[in-house]
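Reviewing the structure listed below.
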Amino acid sequence: MTHTLTLTSTVYETSQLEELTIPQIILAGRSNVGKSSLINCLAGRKSLAKISSTPGKTRSLNYYLAEPEGYYIVDLPGYGYAKCSKAERAKWAALIDKYLENNHHIAAAAVLLDSRLTPQKNDMEMVSYFMHCNIPVIPVMTKSDKCKQRDRAKVQKQWQEIIKIKPICVSSKSGMNRTALLNLFLKTALPTYEESAKTDEE
Ligand code: GDP
């Protein structure tokens, strides 16, 4: 199966938001959690998403089309960046709210969590927010190459107790669980994809 991710649009203002009819998987996580690296890793490209040297700089919704399957990975602006002004914070909260309000094809939100950190308050708030919106949460632990399996398992268990779902551990550096995550996204966004692909072949 060929798999490509293409950045199809970037949205900065609520007025630019359109209602989408194809399924979407949200990718959310605080600045520096490794979101850009993960997008590049999933795409198999080095510079599709900008790897931020200045955390919190990117304030846009970025839509990546996964083909040939036909679903979007929607990169949500980073959150939890201390140096951001109140006005900026309010602006991107409004953008996220409007996006969530207008879209009825959001299959899940993959919430990125740093493998090296015990559950953080703002990560928990993000998880609660999606749950409150009735959006299924896919917990993803990033930078898994950076910590020992034993320490990672501890954090994984802590999250599992909070969310009731076991996080998937990934590493953009080693490629750990890249395919597993893509398969999980596909299964979640398009649950009948494999069957319809088979039927098309017959
Ligand atoms: P973003 O702000 O969430 O988009 O985070 P970036 O993708 O820009 O990553 C922040 C920093 O973490 C960069 O220095 C990356 O090189 C590093 N990083 C991201 N993912 C990984 C990973 O899986 N393993 C390791 N070792 N470093 C990572």
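Pairs to check: Lys46/Lys121; Lys121/Lys164; Lys143/Lys166; Lys46/Lys157. Give those whose C-alpha atoms are more than 24 Å from each other in this structure.
Lys46/Lys121; Lys46/Lys157
Sequence-distant or interchain residues sharing an amide H contact under 5 Å with Gly29, placed H: which?
It is Tyr79, Leu112, by chain and number.
Determine the per residue accessible area of the chain with all protein chains present and a 1.4 angstrom probe, expressed in square angstrom.
Averaged over the residues of the chain, the accessible area is 54 Å².
Between Gln149 and Leu7, what's the calculated FRET efficiency when r is the beta-carbon distance and R0 is 41 Å? Round to 0.05.
Step by step, r from the Cβ atoms, then E = 0.75.
Per-residue ellipticity at 222 nm for the chain, helices alone: DSSP H runs ≥ 4 residues times -39500 (n - 2.57), over residue total, nearest 500 deg cm²/dmol?
-11500 deg cm²/dmol
Report in % the part of the accessible area of segment 4-195 that belongs to carbon and sulfur, leaving out ligands and nucleic acids; probe 1.4 Å.
Carbon and sulfur atoms account for 52 percent of the accessible area of segment 4-195.
Over what distance in Å are the Cα centres of segment 70-142 and segment 29-47 separated?
Each part's Cα centre sits 15 Å from the other's.
If you take every residue apart from Asp97 with its C-beta less than 14 Å away from the C-beta of Asp97, what net charge results, scoring Lys and Arg +1 and Asp and Glu -1?
Cβ neighbours under 14 Å give a net charge of +1.
The values are calculated or read from the model by the stated rules, or taken from the named source; none is laboratory data. Please read all numbers here as calculations on a predicted model, not as lab measurements. Positions of Cβ are backbone-derived with ideal geometry, glycine not excepted, and every protein chain shown enters the neighbour counts. Ligands, DNA and RNA are excluded from the accessible area calculation, which covers all protein heavy atoms including side chains. Shrake-Rupley method; radii C 1.70, N 1.55, O 1.52, S 1.80 Å.
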